[in-house]
Amino acid sequence: MLYLERSTEELISEAPSIRSLITGVVNHLPEELADRLNAAAFIDSHRLWFSRARARLAACKEHLKSSGAIDVQKAEVLKHKAAIDALTAEPATLDAKASTLR
């Protein structure tokens, strides 16, 4: 499978330590390239940040789903409350009509 077809999460979880890969070849590379690769070796420290960010995104999605469900439930409750208010107001108007008829 090509790397472009794989998920970022899968690639990061399976990636070996860049520092360990570079250590074996750094002495055979030009100094400028070795300096740039050494800076790239610090990508390993971003694994933790990536997993934390992924967890925050998942929690945010769950929160949005639950808040959306709460909004739907609130709208439904308000609809039922309006129906109940209409039904409770109806006997009062019927009593008023009955008293005027008497």
Among the lysines, which have Cα under 16 Å from the Cα of Lys61 when same-chain residues fewer than 8 positions away are ignored? none
To the nearest 20 debye, what is the magnitude of the charge dipole of the chain about its Cα centre, counting +1 on the Cβ of each Lys and Arg and -1 on the Cβ of each Asp and Glu? 560
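So what is Rg over Rh here for segment 8-101, counting just Cα atoms and using Kirkwood for Rh?
With Rg and the Kirkwood Rh in hand, the quotient comes to 1.66.
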Which residue fluctuates most in the GNM of the chain (Cα springs below 10 Å): Ala69, Ala34, Ala86? Ala86
Anchor Lys74: lysines whose Cα lies under 18 Å away (excluding residues fewer than 8 positions away in-chain): Lys65
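So how much slack lies between Arg52 and Ala82, counting 0.36 nm per residue of separation and subtracting their Cα-Cα distance, in nm?
6.3 nm
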Please give the contour-minus-distance gain from Leu101 to Ala69: 0.36 nm per residue of separation, less the Cα-Cα distance, rounded to one decimal in nm. 6.7 nm
Please work out how much length the chain gains when fully extended from Asn38 to Cys60, using 0.36 nm per residue of separation minus the C-alpha to C-alpha distance, in nm with one decimal. 4.4 nm
Straight-line reach from Lys81: which aspartates and glutamates have a Cα under 20 Å away, not including same-chain ones fewer than 8 places off? Asp71, Glu90
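Rule-based calculations on the coordinates, nothing more; no lab input. Since the structure is predicted, the reported quantities are computational estimates derived from the model, not experimental observations. All Cβ positions, glycine included, derive from the backbone under ideal geometry; neighbour counts span all protein chains shown.
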